[in-house]
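For reference, the structure discussed in these notes is given below.
The values are calculated or read from the model by the stated rules, or taken from the named source; none is laboratory data. Since we're looking at a predicted model, the values are computed, not measured. Every residue, glycine among them, receives a Cβ derived from its backbone with ideal geometry; neighbour counts consider all protein chains shown.
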Amino acid sequence: MGMDAEIIVIGPLEVLDKVDCLEYGRQNYDWDTPKDKIICRLAGADTTSQSTDLAQLCGLGPWDLNHHQIKRLEYFTDFEELDPIGGKDPIAIFENIKYLLEHGCDIWFMPNG
């Protein structure tokens, strides 16, 4: 059995909207206020190799479940050699995570396998 993984974010609508990770497009959140908390998927990986790379990007072991909440930037490792993950540039994923952490969002790495 293989593994897939994703990075899940919970944060204010106004912050998540800036990194373009809203699941259903901004117009579908018209009933929400800018400060309302929204859950979204920031990045996803479909293969075991991509999932391992996504975990490495976050400075995590893919199955180290005690550390899957991403809380500090120093968790990040060297990622410039990574291939695109789920069609996204690893540097863009890193920059989005950095921005979201700076704006008080809760972020988790979630493996499935």
| query | Of the residues in the stretch 87-113, how many are closer than 15 Å to Asp53 by Cα and without any contact (Cβ under 8 Å) to a residue 60 or more places away in the chain? | reply | 7
| task | Taking the residues in the stretch 1-31 that are within 17 Å of Asp106 (Cβ to Cβ) and charged (D, E, K, R) as candidates, determine which candidate is farthest from the chain's Cα centre (by Cα). | result | Glu14
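Of everything in the stretch 100-111, what is surrounded by 12 or more Cβ atoms within 10 Å (Cβ to Cβ) and more than 11 Å from the chain's Cα centre (by Cα)? Give them in sequence order.
Within the stretch 100-111, His103, Pro111 qualify.
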| query | For Leu65, are the conditions met, namely being at pLDDT below 85 and closer than 15 Å to Met3 by Cα? | reply | yes
| request: Output the residue which, of all residues in the stretch 3-55 that are modelled with pLDDT under 90 and of a type in the set (Gly, Ala, Ser), is farthest from Lys88 (Cα to Cα). | output: Gly25
| Taking the stretch 26-54 on its own, how many of its residues are within 10 Å of Ile85 (Cβ to Cβ) and aliphatic (A, V, I, L, M)? | 3
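Can you tell me how many residues in the stretch 33-55 are surrounded by 14 or more Cβ atoms within 10 Å (Cβ to Cβ) and under 13 Å from Leu22 (Cα atoms)?
Total meeting the criteria: 5.
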